[in-house]
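Remarks on the structure that follows.
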Amino acid sequence: MSDMRIFDPHIHMTSRTTDDYEAMYTAGVRAVVEPAFWLGQPRTSPDTFADYFDSLLGWEPYRASQFGIRHHCTIALNPKEAGDPRCRPVLDLVPRYLAKDGVVAVGEVGYDSMTPDEDEVFAVQLEMARDVGLPVLVHTPHRDKAAGTRRSLDVVRESGLPPERVLIDHLNEPTVAMVKESGCWMGFSVYPDTKMDEDRMVRILKEYGTERMLVNSAADWGRSDPLKTRRVGEAMLAAGFTEVDVDTVLWDNPVAFYGQSGRLDLAETEPAAFYAGNTIKRGG
């Protein structure tokens, strides 16, 4: 299946290189969603978030378009920094960004250490999503995942958000069934060493089917691989799934979930020309 089309529904392109964009395009990636998240060290003021959010809406979509890829983002105060009092005023910034065209969901929200601060920030941002009619991307904690996923589902239920507007991400074998039963969408991050791998992902798809399933690379500043979506598609074909199945998981499902925002722009974009010898246009 050389013409596989891929929509990576969770990838942190801010941390990736132009070489990654080129390789992703060659592999069939034509659209991505970049969730707002932690940058690896603590941020010290809401102004730094404003600059980061601006880059997710301006610079990164432009950079992606240079390589023929459509870039969208999600906006939120992330779970990792939800407990830092210096970051709490970011909640006052978020609604302004949720009104922007390139924002297709509220996220990442959810839990890191499952603290009372995280509870509060999670609930407030679910309420924002309900008020503006956007879907929600929920980050489940890397530690004590089953308890964190169960608690996340409880908070989502209490929020009154329809489950079909919620994507519960970073799932694994012990957490799939509870999310499937809830009616929420199921997200899986495929990594080189941790989280899911291609073979485990294929086994889950065989057991639970392709409905409401999203596969992402979650590629970031750690050891990760922005081509893992393609590798899952290839592993699915090798395991007997059809090309239609692969297209459902790698394209139709992310389009259906984020399409609920009414803001997806999937028009083909041509890789850009040079500007006076530069690949990036500089200045006015």
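Answer with yes or no whether Glu181 is in a helix (DSSP H, G or I), without any contact (Cβ under 8 Å) to a residue 24 or more places away in the chain and over 26 Å from Arg223 (Cα atoms). In short, yes. Those helices (runs of 4 or more DSSP H) of segment 14-68 in which 3 or more residues are among the β-branched types (Val, Ile, Thr) and within 24 Å of Val136 (Cβ to Cβ) are absent. Kindly establish whether Thr149 is hydroxyl-bearing (Ser, Thr, Tyr), farther than 17 Å from Gly107 by Cβ and under 20 Å from the mean Cα position of the chain (by Cα). Considered against the rule, which asks whether it is hydroxyl-bearing (Ser, Thr, Tyr), farther than 17 Å from Gly107 by Cβ and under 20 Å from the mean Cα position of the chain (by Cα), Thr149 comes out as no. Taking into account only those residues within segment 219-259 that are touching a Gly at 6+ places or on another chain (Cβ under 9 Å) and of a type in the set (A, V, I, L, M), which is farthest from His10 (Cα to Cα)? The extreme case among them is Val246. Could you list all residues from segment 230-284 that are in a loop (DSSP other than H, G, I, E, B), loosely packed, with under 11 Cβ neighbours inside 10 Å and either hydrophobic (A, V, I, L, M, F, W, C) or modelled with pLDDT of 95 or more (or both)? If the condition is that a residue be in a loop (DSSP other than H, G, I, E, B), loosely packed, with under 11 Cβ neighbours inside 10 Å and either hydrophobic (A, V, I, L, M, F, W, C) or modelled with pLDDT of 95 or more (or both), then Gly240, Gly262, Ala267, Ala273, Phe274, Ala276 are the ones that fit.
Yes or no, residue by residue, for (1) touching a residue at least 60 places away in the same chain (Cβ under 8 Å); (2) β-branched (Val, Ile, Thr); (3) surrounded by fewer than 20 Cβ atoms within 10 Å (Cβ to Cβ):
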site	(1), (2), (3)
Phe53	no, no, no
Arg70	yes, no, no
Cys73	no, no, no
Arg88	no, no, yes
Leu93	no, no, yes
Val106	no, yes, no
Val109	no, yes, no
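Hey, could you check segment 35-50 for residues that are in contact with a Phe, Trp or Tyr (Cβ under 9 Å, 6 or more places away or on another chain) and exposed (fewer than 15 other Cβ atoms within 10 Å of the Cβ) and say which is nearest to Tyr97 (Cα to Cα)? Among those that are in contact with a Phe, Trp or Tyr (Cβ under 9 Å, 6 or more places away or on another chain) and exposed (fewer than 15 other Cβ atoms within 10 Å of the Cβ), it is Ala50. Tally up the residues in segment 132-163 that are in contact (Cβ under 8 Å) with a residue 24 or more places away in the chain and assigned to a helix (DSSP H, G or I), please. The total comes to 15.
The values are calculated or read from the model by the stated rules, or taken from the named source; none is laboratory data. Since this is a predicted model, take the numbers as computed values, not measurements. All Cβ positions, glycine included, derive from the backbone under ideal geometry; neighbour counts span all protein chains shown.
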